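Input: a single structure, listed below in structure tokens.
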Amino acid sequence: MKTFNRKKYLWGILILSVIGVIIFQTNTQKPENSPEDFVLLGNQMGVEGNHLEASKAFKNSIRIDPYYIPAYLGLGISYGNLQKNKEAIDVLTEGIKLNQVHSYVPQMQMSIANILYKKMNNKISAVEYVKKALQNFTYQGNIAGVALAGQKLQQLESVS
């Protein structure tokens, strides 16, 4: 009888030890990168001129959180730098549709305007997007943004 109790005791200790190891490993494993982490990585890659890797980081951010708007801005800019102009406009537009009042919306609209004007020779649509950005910068009380959009609008309207 004593041998049986001793075996039960040893098995109990073994099981508790295994459970403890599993809990310890679970709690110490590195967590998955956040959308913010991928956007920071994408921004760094973009600054270094590696727009392909930047676009991959921004896509990973969107994969984790499809509503994380800064990732759409970064991906759109990366696509623009990769000469994927239509894809850039599509991504930026998608980000705007997801959250029309996000603080990055006017920047996204300015990015669309720049692509339309500089890369696609579409001055009329570019002016429309700059006007939208101007309106949103004004709504946000972003004086620097208002000045930037106003200057861009003046520049576009002076070009024949």
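Table for the structure above
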{"quantity": "Where a residue in region 7-20 is without any contact (Cβ under 8 Å) to a residue 12 or more places away in the chain and its partner, wherever it lies, is not β-branched (Val, Ile, Thr), with Cβ under 8 Å and at least six apart", "calculated": "none"}
{"quantity": "Residue that is surrounded by the most Cβ atoms within 10 Å (Cβ to Cβ) [pool: residues in region 68-82 that are among the hydrophobic types (A, V, I, L, M, F, W, C) and under 10 Å from Val105 (Cα atoms)]", "calculated": "Leu73"}
{"quantity": "Sole residue being in the same structural domain as Ala71 (by TED's automatic domain parsing) and either surrounded by fewer than 14 Cβ atoms within 10 Å (Cβ to Cβ) or within 20 Å of Tyr72 (Cα to Cα) (or both), chosen from Leu98, Leu116", "calculated": "Leu98"}
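The values are calculated or read from the model by the stated rules, or taken from the named source; none is laboratory data. As the structure is a computational prediction, the values presented were derived from the model and not from experiment. Backbone-built Cβ (ideal geometry, glycine too); neighbour counts: all protein chains shown.
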